[in-house]
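One structure is given here, and the rest of the page talks about it.
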Amino acid sequence: MTKNSNKAREKLADSLMTMQASLFVNLTSIVLIAPIGFFGVALYKGERLDLTRMLSEQSQPALGAIALAYIAIFFLGMLARHAAMKIYNELSPDT
């Protein structure tokens with residue numbers, strides 16, 4: 001990585017920080033908007049809200065996969081942030 005110029009390394013760090021911020025905003029919006037969609041569909045169809053049906057045996061693997069994907073994306077964002085901070089620290093270390 002040292003073969004690249006300081007400006008190129010700074011641009012890479014900026015894009016990594018932008019990527020992690022976008023990932024975190026998207027994850028947060030999924031957590032906030034998905035329940036609203038669940039209630040909206042139930043109200044539109046005129047059905048009763050049945051949480052036990054959502055957490056039934058068939059949906060547990062799907063919920064597990066969603067949770068696993070959520071955690072994986074969260075850790076990807078944290079890795080991007082860590083890599084960006086490492087580049088920033090190399091470019092201008094505290095003295």
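The values are calculated or read from the model by the stated rules, or taken from the named source; none is laboratory data. Not measured: the values here are computed from a predicted model. Methodologically, a virtual Cβ is constructed for each residue, glycine included, from the backbone with ideal geometry; neighbour enumeration extends over all protein chains shown.
On the given criteria, is D50 over 30 Å from Y88 (Cβ atoms) and of a type in the set (D, E)? It is true that D50 is over 30 Å from Y88 (Cβ atoms) and of a type in the set (D, E). Counting only residues that are of a type outside the set (D, E) and farther than 28 Å from S22 by Cβ, which one in region 56-75 is surrounded by the most Cβ atoms within 10 Å (Cβ to Cβ)? Selected residue: S59. Is it true that T2 is at pLDDT 95 or above and either of a type outside the set (A, V, I, L, M) or out of contact with any Cys (no Cβ under 9 Å at 6 or more places or on another chain) (or both)? The answer is no for T2.
The sole residue among A42, A21, A13, A84 that is surrounded by 11 or more Cβ atoms within 10 Å (Cβ to Cβ), over 24 Å from the mean Cα position of the chain (by Cα) and aliphatic (A, V, I, L, M) is A42.
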